[in-house]
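Derivation of every value follows stated rules applied to the coordinates shown; laboratory data play no part. Please read these numbers as outputs of a predicted model, since none were measured by experiment. Note: ideal-geometry Cβ built from the backbone for every residue, glycine included; neighbour counts use all protein chains shown.
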Amino acid sequence: MRENYRDLRIAILGGGTVGAQVAHRLLEAGDELGQRSGAGLELIGVAVRDLKAERSAPIPAALLTTDAQSLLVGADIVVELMGGIEPARSLILQALQSGADVITANKALLAEHGPELFAAAAKVGAQLYYEAAVAAAIPIIRPLRDSLAGDHVRKIMGIVNGTTNYILDEMDTKGLSFDQALKAASDLGYAEADPTADIEGYDAAQKACILSSLAFHTAVPLADVYREGITDISASQMDAAKRSGHVIKLLAICERLVDPITHQEGVSTRVHPTLIPRDHPLAAAHGANNAVYVEAEAAGPLMFYGAGAGGLQTASAVLGDIVSAARRHVVGGPGVGESTHAGLPSVPLAHVESRLQISVIVIDQPGVLAAIAGVFSEHDVSVETLHQSGAMGPAGSEQTATLVIQTHLASEARGQATIEALEKHPVVVSIAGVLRVEG
Ligand code: NAP
């Protein structure tokens, strides 16, 4: 530790699932973390709403306060673990303006207000750290920002929401319906009382926005992230995936590509249920775990895997940020700002090329296969495989069958036009499901 260096004053905003663990570990292991930082680490307080609420790890009553604003005064490092947009945003801005480094795990705030917060930090030479905001315990922010800073990231595919991964894994491995798997996730505490943010893909979209911005040196607006959730995934789609050697995962996909329409380089950021081959590294992410697969030009494929939630696990990433911030204070100098020099445009989903797997219920009669193949060729979408997955029994007076068609790469716009034409075709009873295929 540097001689005569004063202790760094650390304020934590929020003493909940993550905040209590961070505070507790700082109190327990502060000396050791101080040795690693080169400065003493002093926890000056933890701001909460209810002083009497039960904590997941013990915090001395003398450190708890409901006055978050006053706690910030004189802090060197502010750790925001309250969640939500306000008052977290205002408090972080206040902390940055006073020159403190800020650590946050708040993906919602970063996805919606990241550029404002990074600009406020840059203005005073402070730094904003956010390793825990994506995939919690898994180191992914620092590898993208530092380790891969000399490379050229082409694509990221991430399982960044543990709740949806748990649900899809239960459906795949135990044959549960979506509703049964959601209930199992709720019973285990993986799903919130209102699971919308997870199952509709909003949480994954916020993380995709953060990853895309970082990997492609571009401020990607959250509004440009395409989002689809998993609520429509059926047991029959799960079966079809298995039969074709795939598994369904909710993926956050961040891709740097040349827009086939404008011929300009841009960024596509999208979240949707996706079929991936069962031997893809991401298929091995079971239960509520997260995994992030990165393809970089020189490094090739890289895989990051581990716990994407949990108080203790998330605290690990936050504490790593505290040590980094403390080291920076010891060395001095301005913080490292966000790199947005590439300023790439977002590529609209309609321009992105995808491979689709379309399950179509058709009237089982001679000439149906040719009629369906004709719809694809009329829309310039080439069929890679076509399987008839068994007769479905009578629908009204007619016998029906399910066709599972996988296409080669085609623009989303052409794929969509094909689906619309199929829906209107006289031999088609209904479209049972559409999934994009990766890997
Ligand atoms: P949490 O359990 O709900 O805790 C929130 C804490 O903030 C509570 O201590 C609460 O006080 C306090 N708080 C909220 N509003 C406040 C206000 N206006 N003034 C003062 N205190 C206030 O949340 P969490 O699960 O720890 O999550 C914290 C952050 O980490 C979120 O941004 C979340 O997205 C992120 N994160 C969480 C996980 C995870 O596994 N939990 C993983 C990755 C990232 P009371 O205790 O008195 O109510």
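Okay, here's what the table says:
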| quantity | calculated |
| --- | --- |
| Alpha-carbon centroids, the stretch 247-267 and the stretch 23-94: separation in whole Å | 39 |
| Cα-based reach from LYS183 at 17 Å (exclusive), listing lysines while leaving out same-chain residues under 8 positions away | LYS174 |
| Cα-based equivalent ellipsoid of the chain: semi-axis lengths in Å, sorted from largest, via gyration tensor | 47, 24, 17 |
| Coil-residue GluC sites (Glu not before Pro) of the stretch 17-78, DSSP, other Cβ within 10 Å capped at 10 | GLU54 |
| With 10 Å bins from 0: P(r) over the stretch 27-67, alpha-carbon pairs, percent | 26, 43, 26, 5 |
| The stretch 352-437: relative contact order as a whole-number percent, Cα under 8 Å and 6+ apart | 48 |
| Computed over the stretch 86-244: relative contact order in percent, which uses C-alpha pairs under 8 Å that are six or more apart | 22 |
| Scattering profile of the stretch 196-346 at q = 0.16 Å⁻¹ [log10 I(q)/I(0), Debye over alpha-carbon scatterers] | -1.11 |
| Percentage relative contact order, the stretch 233-280, counting C-alpha pairs under 8 Å, at least six apart | 39 |
| DSSP beta bridge pairing in the chain, given as percent antiparallel to the nearest 5 | 70 |
| Within a Gaussian network of the chain (alpha carbon springs, distance under 10 Å), most fluctuating of THR104, THR262, THR340 | THR262 |
| Stretchable slack from LYS424 to HIS341, in nm (0.36 nm times residue separation minus alpha-carbon distance) | 25.2 nm |
| Those trypsin sites (Lys or Arg not before Pro) in the stretch 10-86 that DSSP places in a loop and that have at most 13 other beta carbons within 10 Å | ARG49, LYS52 |
| Residue-averaged [θ]222 nm for the chain, counting only DSSP H segments that reach four residues, each worth -39500 (n - 2.57) | -10500 deg cm²/dmol |
| For q = 0.13 Å⁻¹, Debye-computed log10 I/I(0) when each Cα of the stretch 286-380 counts as one equal scatterer | -0.91 |
| In the stretch 230-307, the GluC sites (Glu not before Pro) that fall in loop regions by DSSP, at most 12 other Cβ within 10 Å | GLU297 |
| Cross-link table LYS123/LYS249; LYS242/LYS424; LYS52/LYS249, entries beyond 32 Å C-alpha to C-alpha | LYS123/LYS249; LYS52/LYS249 |
| In sequence order, calculated HN-Hα J values of the stretch 324-341 (Karplus, 6.51, -1.76, 1.60; Hz; x Gly/Pro) | 4, 5, 5, 4, 5, 4, 5, 6, x, x, x, x, 7, x, 6, 9, 10, 5 |
